[in-house]
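Quick notes on the structure that follows.
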Amino acid sequence: MADSSGAERIHIEQLEVFARIGVPDNERARPQRITINLTVEPKRPFAELGDDISQTINYAEIARSVRDLIQNRSAALIETLASDIVDHVLDKFPVLSVEIELRKYVLPDAQYVAVKLRRGRSHR
């Protein structure tokens, strides 16, 4: 999908993961459901892929890698977890930028709480 700036992106919508996350100890006592919307801008334009999967970013591998990162860790802040995920994807995959929206379902009077972050390779 391309946006108005011409950037080509791959998007994963509502990846469901269970994480030990929260400030109070009782929130981190058991894994809780979070969902992740993740958008990456590949280094190679779609037109150069030649319909060859080995030339693109395997989105199933990104999803698996993010799940593995989250599985055995505990964090107090969803901001920290979102930042760690973005850094991990930038380090492990051939992407120019990563956008994340991480949603946590913790407030009884709200559908969810979310943090959003976009980071590119310019600082690397």
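The values are calculated or read from the model by the stated rules, or taken from the named source; none is laboratory data. On a predicted model such as this, the values are computed, not experimentally measured, just so you know. Here Cβ is always computed from backbone atoms with ideal geometry, including for glycine, and neighbour counts include all displayed protein chains.
List of remarks:
- Some residue of the range 3-14 being among the polar types (S, T, N, Q), closer than 24 Å to F93 by Cβ and surrounded by 18 or more Cβ atoms within 10 Å (Cβ to Cβ): no
- Residue in the range 41-66 that is surrounded by the fewest Cβ atoms within 10 Å (Cβ to Cβ), counting only those that are touching a Leu at 6+ places or on another chain (Cβ under 8 Å) and under 16 Å from E99 (Cα atoms): K43
- Qualifying helices (runs of 4 or more DSSP H) (wholly inside the range 18-96; at least 2 residues being under 12 Å from the mean Cα position of the chain (by Cα) and farther than 16 Å from A114 by Cα): 59-71, 78-92
- Residues that are at pLDDT below 90 and of a type in the set (A, V, I, L, M, F, W, C), drawn from the range 30-56: F46, A47, L49, I53
- Residue check, I100 touching a residue at least 40 places away in the same chain (Cβ under 8 Å), in contact with a strand residue (DSSP E or B) (Cβ under 7 Å, 6 or more places away or on another chain) and either part of a strand (DSSP E or B) or among the acidic types (D, E) (or both): yes
- For the range 72-83, filtered to residues that are surrounded by fewer than 16 Cβ atoms within 10 Å (Cβ to Cβ) and touching a residue at least 12 places away in the same chain (Cβ under 8 Å), the residue that is farthest from V106 (Cα to Cα) is R73.
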